[in-house]
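Okay, so here's the structure we're looking at.
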Amino acid sequence: MTSHNDETQTPPNDLETEDGFTDSDAIQAEDATLLSQKSSDDNSVPESSRDQSATEALDKEKATKDAESPSLEESAPAKEATLAPEETLELPAATQDSDPESSRDQNASEGLEKEKTTKGAENRSVKESAPAKAVALAPEEIAGLPAFVQKLPPAIQAQVSKSLKLKEKGKKLYDNTFVPLHRAQDIRLAMGDKTPEELEAINEERSVAGRIMAKREHGKTVFYSLQDAPGRIQLYLRRDDVGATIWDLSKSLDIGDIIGVKGRLFKTKTGELTLQVKDLRLVTKCMWPLPEKFHTMDKEMRQRRRYLDLIMSPESRRVFRIRSQVVEYIRRFMTARGFLEVETPMLHPIPGGANAQPFKTFHNALKQEFFLRIAPELYLKRLLVGGLDKVFEINRSFRNEGLSLKHNPEFTMLEFYQNYSTYEDLMTLTEELLHGMIKEIWAGHSVTYQDEKLSFKPPFKRVTFKDALVKYGGAPKEVQTSLEAALDFLKTLSPESSSEDSPEGAPDLKAKDSMTLPEIQELIFDMAVEKNLRTPTFVTSYPIELSPLARRNDKDPTVTDRFELYVCGRELANAFSELNDPLDQHERFLAQALLKEEGEASEGKYLDIDYIRALMYGMPPAAGEGIGVDRLVMLLADAPSIRDVILFPQMRPEPEFM
């Protein structure tokens with residue numbers, strides 16, 4: 001039961017990062033096969049010094065632009081994450097000393113607070129992440145670097161050179177001995193509500209590790225914003241507390257370095273929970289500087305370097321946490337209802353289970369051509385024959401077809417089958433699955449997708465395939481029965497009206513005169529109906545010609561017991577009562593194979609004799625369904641493109657950079 005594959009690329013909303021960086025994507029044109037999208041406004045991102053000399057130059061040049069701002073907490077699954085205070089640079093009176101340097105710290109932090117209100121956003125994108133005003137190395141210094149580094153931009157060369165000099169001084173660049181005992185988010189949840197006096201009374205040491213996302217030096221003190229997997233926390237380091245060795249190390253640290261620290265908690269005058277560092281170690285040196293303060297990564301960089309996107313973007317981390325929640329909920333839901341999770345082959349001797357073009361490969365030992373799985377359907381139904389009455393698989397499938405906002409060549413599906421049930425039973429199960437998932441993740445009955453509020457409270461709408469042509473497609477009633485009427489109406493439709501869900505764009509109408517009525521109706525559905533199915537809607541009773549694996553309806557043998565679920569103008573699920581008559585199945589397979597031999601079918605349609613043999617042993621009456629996991633995540637994460645919900649989407653080759 002295969003659902004169409006999915007795909008995402010969200011023009012990110014303006015969002016404020018946890019270290020005060022304002023981070024939005026300059027959305028530009030995607031690959032030629034992708035639809036264009038509107039650009040989203042770029043906001044500025046807080047800067048941090050990469051090394052001391054660069055910092056001093058930047059401080060003079062951008063005295064009116066540096067700013068601190070609230071952090072973005074990522075623990076909540078809601079789209080709008082909760083902002084938490086971050087990176088205030090004021091200390092409570094209890095921690096101030098009479099040293100003039102401390103007074104300067106306070107004055108500096110007050111000045112930074114004022115600068116927040118005057119800082120403007122810039123609308124620029126950057127292809128390379130390199131620190132501003134990087135000092136170029138002398139030729140002899142470049143010659144001493146590894147050969148591949150010599151081909152990289154000067155800023156990268158400078159960072160590598162600096163790292164190697166630290167190593168020459170005996171500093172470990174990659175220390176694997178530090179083990180953090182606490183996490184930033186856990187500390188915030190446990191201690192965020194404590195008063196300064198309560199924190200002082202607790203007086204317990206905490207140890208955390210993470211990446212430096214911001215750094216401010218002020219005389220004898222340094223402030224850091226430290227980011228670990230779940231969140232961020234502010235660090236305060238004072239020279240008099242740590243001694244010369246650690247102080248010298250702190251001066252050499254850069255944005256992007258991963259460090260481990262130990263210390264005790266206190267609150268600044270503005271109430272920001274802060275760890276006062278007593279011990280510090282460099283855990284991993286960052287040799288490729290993170291993107292600059294006044295720029296943001298463009299869309300292609302985010303997709304191509306997902307590791308960098310996850311470092312910089314709380315929104316991206318939120319999306320993939322939602323994806324994990326979706327998959328975890330599916331597993332709990334299915335196993336709680338007695339379904340057995342199974343794994344079926346990804347290499348198929350015959351591509352089957354869907355009308356799609358497969359990827360081909362060759363098995364050297366067997367000297368045989370294989371195909372990457374386009375759907376697991378026929379293997380899962382073999383298991384029903386074997387007596388496993390409820391099975392499901394969260395599978396990776398592959399289709400060698402076009403790209404779109406909703407299609408990616410590699411995609412994830414939930415596919416499940418249940419004996420002694422019908423497609424109508426699966427409608428109820430689907431409503432329960434989606435409604436329960438949204439209630440758990442969003443604590444409600446609805447989601448908002450691209451500013452459109454969608455209720456998933458059962459029951460969903462239901463409409464037959466032919467009625468949808470009239471009700472949602474604006475076609476005259478005659479298209480339900482007349483080939484001539486269907487052709488006439490099809491000619492009135494503009495190719496541009498084709499659903500954006502098509503991976504190939506507008507359908508090819510040149511061969512329409514040789515098409516059957518159901519095939520013409522399918523084109524009308526794709527071009528005029530799909531885009532108008534906004535709220536969750538089950539489309540039922542598909543023509544037999546469009547459903548080669550579905551069971552014929554007992555009352556009307558020209559249609560099948562099948563539904564597709566549409567939300568926001570795209571297919572989300574496909575299900576039907578299974579065909580378990582081996583003779584009928586063989587006849588349909590044979591008709592498809594003959595079409596392929598005559599050159600009328602461009603997609604791989606093969607005669608799977610072993611599956612026919614399995615059916616001849618007897619498969620109980622059953623129903624099956626496929627749900628596109630990527631599209632489901634798009635919906636729950638409010639992501640308009642599939643590439644935004646796939647960690648590493650397929651991309652065209654990157655120009656050589658080293």
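The values are calculated or read from the model by the stated rules, or taken from the named source; none is laboratory data. Nothing here was measured: the structure is a model prediction, and the numbers come from that model. So basically every Cβ, Gly included, is an ideal-geometry build from the backbone, and we count neighbours across all protein chains shown. Just the protein is used for accessible areas: all its heavy atoms, side chains included, with ligands, DNA and RNA removed. Shrake-Rupley method; radii C 1.70, N 1.55, O 1.52, S 1.80 Å.
Let's see how each residue does on (1) in a loop (DSSP other than H, G, I, E, B); (2) of a type outside the set (Asp, Glu); (3) crowded, with 21+ Cβ neighbours inside 10 Å:
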{"residue": "LEU308", "(1), (2), (3)": "no, yes, no"}
{"residue": "SER316", "(1), (2), (3)": "no, yes, yes"}
{"residue": "GLU328", "(1), (2), (3)": "no, no, no"}
{"residue": "PRO351", "(1), (2), (3)": "yes, yes, yes"}
{"residue": "ALA354", "(1), (2), (3)": "yes, yes, yes"}
{"residue": "PRO358", "(1), (2), (3)": "yes, yes, yes"}
{"residue": "LEU366", "(1), (2), (3)": "yes, yes, no"}
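Could you tell me which residue of the range 187-199 is most open to solvent (accessible area, probe 1.4 Å), considering only residues that are part of a helix (DSSP H, G or I) and under 12 Å from LEU273 (Cβ atoms)? Working first, answer last.
If we filter the range 187-199 for residues that are part of a helix (DSSP H, G or I), which is where we start, we get 187-191, 196-199.
Now restrict to residues that are under 12 Å from LEU273 (Cβ atoms): 187-191, 196, 198-199.
On the way: ILE187: 7, ARG188: 35, LEU189: 125, ALA190: 62, MET191: 21, PRO196: 61, GLU198: 86, LEU199: 8 Å².
Of everything passing the filter in the range 187-199, LEU189 is most open to solvent (accessible area, probe 1.4 Å).
Among the numbered conditions (1) under 24 Å from GLY260 (Cα atoms); (2) modelled with pLDDT under 95; (3) in a helix (DSSP H, G or I), tell me where LYS167 comes up short.
Unmet condition: (2).
Using beta carbons and a limit of 8 Å, which pairs, at least six apart or on different chains, have the first residue in the range 631-658 and over 23 Å from PRO314 (Cβ atoms) and the second one of a type in the set (Phe, Trp, Tyr)?
Matching pairs, first to second residue: MET658/PHE148.
Just checking, does the range 556-567 include any residue being at pLDDT 95 or above, open to solvent by 10 Å² or more (accessible area, probe 1.4 Å), more than 25 Å from LEU378 (Cα to Cα) and not in a strand (DSSP E or B)?
Yes, the range 556-567 has at least one match.
Among the candidates LEU378, LEU384, LEU290, which residue alone is open to solvent by less than 50 Å² (accessible area, probe 1.4 Å), over 16 Å from PHE416 (Cβ atoms) and touching a Gly at 6+ places or on another chain (Cβ under 9 Å)?
On the way: LEU378 fails: over 16 Å from PHE416 (Cβ atoms); LEU384 fails: over 16 Å from PHE416 (Cβ atoms).
The conditions single out LEU290.
Only residues that are acidic (Asp, Glu) and closer than 20 Å to GLY256 by Cβ: list them for the range 171-193, please. Quick ask: steps written out before the conclusion?
So in the range 171-193, the residues acidic (Asp, Glu) come out as 175, 186, 193.
Residue satisfying the conditions is ASP175 alone.
Condition check: closer than 30 Å to ASN580 by Cα and without any contact (Cβ under 8 Å) to a residue 12 or more places away in the chain. Does GLY387 satisfy that?
Against the criterion (closer than 30 Å to ASN580 by Cα and without any contact (Cβ under 8 Å) to a residue 12 or more places away in the chain), GLY387 qualifies.
With the structure loaded, tell me whether SER252 is open to solvent by 10 Å² or more (accessible area, probe 1.4 Å) and small (Gly, Ala, Ser) or whether it fails that test. Outline the logic, then answer.
On the way: open to solvent by 10 Å² or more (accessible area, probe 1.4 Å): yes; small (Gly, Ala, Ser): yes.
Yes, satisfied.
Does ALA136 fit the bill of being open to solvent by 70 Å² or more (accessible area, probe 1.4 Å), of a type in the set (Gly, Ala, Ser) and in contact with a helix residue (DSSP H, G or I) (Cβ under 7 Å, 6 or more places away or on another chain)?
Working: open to solvent by 70 Å² or more (accessible area, probe 1.4 Å): yes; of a type in the set (Gly, Ala, Ser): yes; in contact with a helix residue (DSSP H, G or I) (Cβ under 7 Å, 6 or more places away or on another chain): yes.
Here the answer is yes, as ALA136 does meet what is asked.
Looking only at residues in the range 203-237 that are closer than 17 Å to ARG317 by Cα and basic (Lys, Arg), which one is most open to solvent (accessible area, probe 1.4 Å)?
ARG211
Would you check if ASP298 is among the charged types (D, E, K, R), closer than 28 Å to ASP644 by Cβ and either more than 13 Å from the chain's Cα centre (by Cα) or at pLDDT 95 or above (or both)? Quick ask: steps written out before the conclusion?
Values: among the charged types (D, E, K, R): yes; closer than 28 Å to ASP644 by Cβ: yes; either more than 13 Å from the chain's Cα centre (by Cα) or at pLDDT 95 or above (or both): yes.
Here the answer is yes, as ASP298 does meet what is asked.
Condition first: surrounded by fewer than 19 Cβ atoms within 10 Å (Cβ to Cβ) and of a type in the set (Val, Ile, Thr). Now tell me which residues in the range 330-343 satisfy that.
THR335, VAL342 - these are the residues of the range 330-343 that are surrounded by fewer than 19 Cβ atoms within 10 Å (Cβ to Cβ) and of a type in the set (Val, Ile, Thr).
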